[in-house]
1. Which residues, taken from region 97-129, are more than 16 Å from Gln41 (Cα to Cα) and in a loop (DSSP other than H, G, I, E, B)?
2. Out of the residues in region 5-39 that are basic (Lys, Arg) and loosely packed, with under 15 Cβ neighbours inside 10 Å, state the one that is farthest from Arg104 (Cα to Cα).
3. Show the residue pairs that are 6+ apart or on different chains and have beta-carbon atoms under 8 Å apart, the first residue being within region 96-119 and at pLDDT 95 or above, the second being basic (Lys, Arg).
4. I'm trying to understand the selection: among the residues of region 8-20, which are farther than 13 Å from His60 by Cβ, assigned to a helix (DSSP H, G or I) and out of contact with any Ser or Thr (no Cβ under 7 Å at 6 or more places or on another chain)?
5. For Ile138, all conditions in the list (1) at pLDDT 95 or above; (2) touching a strand residue (DSSP E or B) at 6+ places or on another chain (Cβ under 6 Å) hold save one; what is the number of the exception?
6. The conditions are (1) within 22 Å of Arg122 (Cβ to Cβ); (2) aliphatic (A, V, I, L, M); (3) crowded, with 19+ Cβ neighbours inside 10 Å, and Met1 fails exactly one of them. Which is it?
7. Give region 37-69 a look and list any residue that's over 16 Å from the mean Cα position of the chain (by Cα) and among the acidic types (Asp, Glu), or say none.
8. Of the conditions (1) more than 17 Å from Ser18 (Cβ to Cβ); (2) in contact with a Ser or Thr (Cβ under 7 Å, 6 or more places away or on another chain); (3) of a type in the set (A, V, I, L, M, F, W, C), Val133 clears all except one; give me its number.
Amino acid sequence: MTQVDFYILNKTQPEQFSCLLVEKILKQGHKVHILTSDNQQSERMDNLMWTYNDQSFLPHVLMDDPLQAETPINISHNPETALISDVLVNLTPKVPLFYKQFERVAELVSSNPQQRQAARGRYREYQQQGCTVVSHEINR
């Protein structure tokens with residue numbers, strides 16, 4: 001069964017935190033798929049992965065890149081391009097229909113009240129589908 005981790009972000013924006021989280025996941029030897037809402041967000045994540053930390057490198061590609069299968073981090077706004085990975089980082093406002101193909105799902109929740117409300121709905125939906133759901137308060 002898929003485990004879903006909700007990261008409740010009190011100060012950091014989800015896109016910034018996702019880089020830190022993906023770096024940690026990568027160090028544990030897992031492959032990551034980052035699901036974005038649209039092409040613009042995919043491009044922002046691509047740029048952020050290159051610039052977020054001068055001391056590290058996060059090997060990643062955007063969807064449909066010829067190196068997608070060999071690269072440990074894939075970024076896409078199209079669910080149909082998701083390759084088999086261990087972890088899904090969901091940056092969209094909805095539960096992805098294909099989430100069960102992943103061992104773990106990371107849901108990043110900003111301090112925005114509307115986004116928190118939407119996250120509560122996703123939390124309930126994952127619970128109703130029998131997932132193990134864990135919350136983490138992030139205060140940095």
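1. Leu97, Phe98, Phe102, Glu103, Ser111, Asn112, Gln129
2. Taking region 5-39 first, the residues basic (Lys, Arg) are 11, 24, 27, 31.
Next cut, loosely packed, with under 15 Cβ neighbours inside 10 Å only: 11, 24, 27.
Numbers: Lys11: 24, Lys24: 14, Lys27: 16 Å.
Once the filter is applied, the top-ranked residue is Lys11.
3. From region 96-119, the pairs are Glu107/Arg122; Val109/Arg116.
4. Step one: filter region 8-20 for residues farther than 13 Å from His60 by Cβ, giving 8-17, 20.
Checking which are assigned to a helix (DSSP H, G or I) leaves us with 14-17, 20.
Once the filter is applied, which keeps residues that are farther than 13 Å from His60 by Cβ, assigned to a helix (DSSP H, G or I) and out of contact with any Ser or Thr (no Cβ under 7 Å at 6 or more places or on another chain), region 8-20 yields Glu15, Gln16, Phe17, Leu20.
5. (1)
6. Failing condition for Met1: (3).
7. Asp54, Asp64, Asp65
8. (2)
The values are calculated or read from the model by the stated rules, or taken from the named source; none is laboratory data. Keep in mind it's a predicted model, so treat the numbers as computed, not measured. With ideal geometry, Cβ positions are generated from the backbone for all residues, glycine too; neighbour counts draw on all protein chains shown.
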